[in-house]
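Presented below is the structure to which this report refers.
The values are calculated or read from the model by the stated rules, or taken from the named source; none is laboratory data. These numbers come from a predicted model, not from an experiment. All Cβ positions, even for glycine, are placed from backbone atoms using ideal geometry, and neighbour counts span all protein chains on display. When the accessible area is computed, the model is the full protein with side chains, heavy atoms only, and any ligands, DNA or RNA have been set aside. Shrake-Rupley method; radii C 1.70, N 1.55, O 1.52, S 1.80 Å.
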Amino acid sequence: MAASCALSSLSLSVSVSSSSSPRRFRRCSGVVAMASVGQKVYAPGVAVSEGNGGLQKIDLKSPHGSEAEIYLFGACVTSWKVPSGKDVLFVRPDAVFNGQKPISGGIPHCFPQFGPGPMQQHGFARNMNWSITDSEANEGNPAVTLELKDDSYSRSMWDFSFQALYKVALHSTSLSTTLKITNTDDKPFSFNSALHSYFRASISGVLVKGLKGCKTLNKDPDPKNPLEGKEEREEVTFPGFVDCVYLGAPSELTLDNGLGDKIVISNANWSDAVLWNPHLQMEACYKDFVCVENAKIETVQLEPKQSWVAEQKIEII
């Protein structure tokens, strides 16, 4: 299969590219791809339907029996079911689907800001409508690409022109995402970002492996003044409130969700990781999920026409 038509391997970095219009139709070995701008024709395994609150969502269905659900509002992946029917992701019971408030759960975006700062918490990307620009089926495995561009709402908080492309690809036992941020302005800008992934879990049995030796910024007890440290544990557990940033995290972590599943979370160019569980701050649901997030805490600066790309793959093993 031609490498240009398949999902790339996890080896992406900052690159410079110029914008071009998407092709309406292309075919290469094993891949059927259709652009969906101005039409309602999608690749096999890709469909658009009405979701909660009347919001539009994309349904991905693999011939292997796996399924995924992505809301155009926030480009939020809210469900990923493996062939057994088990949903690996978690949406909080207090999640609101009204097109006004970010969806609490699944895989929300944090862009162009992670956490609190000069704009709204975690930036605006999770609180805007994205559009479908492309869909494809790679040997039967469906994928869709969503796009976000600046508008008056984003510019009221962050006065830059940009393009964000987000590709979600479904396989039998994995879900892959690729985020590409391009500076379409005539001046440089900087940002940070994260995928605020919520995993279904039994928190008392959760273990995260792979973080030993990382520099930590522990936001407990004071999130405004995180404590610097070093992770000494082979396995991180969640006996209480946890909100910790891991700088220089490895490209692969393993999550034991306490429900009998082991999930490998691999990435390229997400240089950091974040672990979060609110404990008694969300008494109704904290026992049922854990957040293991790929992040870029260090500021990324892009010159005009320059792009930053990062990939994530989550896989049941």
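The residue list THR177, ASN225, GLN306 was ranked by how far each Cα lies along the charge dipole of region 168-317 toward its positive end, using unit charges on Cβ atoms, and GLN306 comes out on top.
A dipole drawn for the chain from +1 and -1 charges on Cβ atoms has a positive end, and of ALA143, GLY240, TYR166 the residue lying farthest that way is ALA143.
Remark: accessible surface ordering of LYS57, LYS40 (largest first) is LYS40, LYS57, probe radius 1.4 Å. Model label sites at THR184 and SER84, defined 7 Å from Cα along the beta-carbon direction, differ in position by 4.3 nm. Across all C-alpha atoms in region 67-122, the radius of gyration and Dmax reach 12.7, 44 Å. In this label model, ASN98 and LYS230 are separated by 4.9 nm, measuring between points 7 Å along each Cα→Cβ vector. If the limit is 29 Å between Cα atoms, which of LYS187/LYS313; LYS61/LYS101; LYS101/LYS219; LYS81/LYS296 go over it? From LYS187/LYS313; LYS61/LYS101; LYS101/LYS219; LYS81/LYS296, over 29 Å: LYS187/LYS313. Only aspartates and glutamates eight or more places from LYS262 in sequence, or on another chain, were considered; those with a Cα closer than 19 Å are GLU67, ASP87, GLU234, GLU235, GLU252, ASP288, GLU293, GLU315. Summing +1 for each Lys or Arg and -1 for each Asp or Glu among the other residues whose beta-carbon sits under 13 angstrom from that of PRO108 gives +2. In terms of accessible area, using a 1.4 Å probe and ignoring ligands and nucleic acids, GLU136, GLU303 rank largest first as GLU303, GLU136. Rounded to the nearest 500, the helix-only mean residue ellipticity at 222 nm of the chain stands at 0 deg cm²/dmol, with each DSSP H run of n ≥ 4 adding -39,500 (n - 2.57).
When all protein chains stay in place and ligands, DNA and RNA are ignored, the 1.4 Å accessible-area order of HIS64, HIS196, largest first, is HIS64, HIS196.
Rounding to the nearest 20 debye, state how big the charge dipole of the chain is about its Cα centre with +1 on each Lys and Arg Cβ and -1 on each Asp and Glu Cβ.
660 debye
Cα centroids of region 282-317 and region 79-125: 11 Å apart. Toward the positive end of the charge dipole of region 46-316, with +1 on the Cβ of Lys and Arg and -1 on the Cβ of Asp and Glu, the farthest Cα among PRO250, VAL48, PHE124 is that of PHE124.
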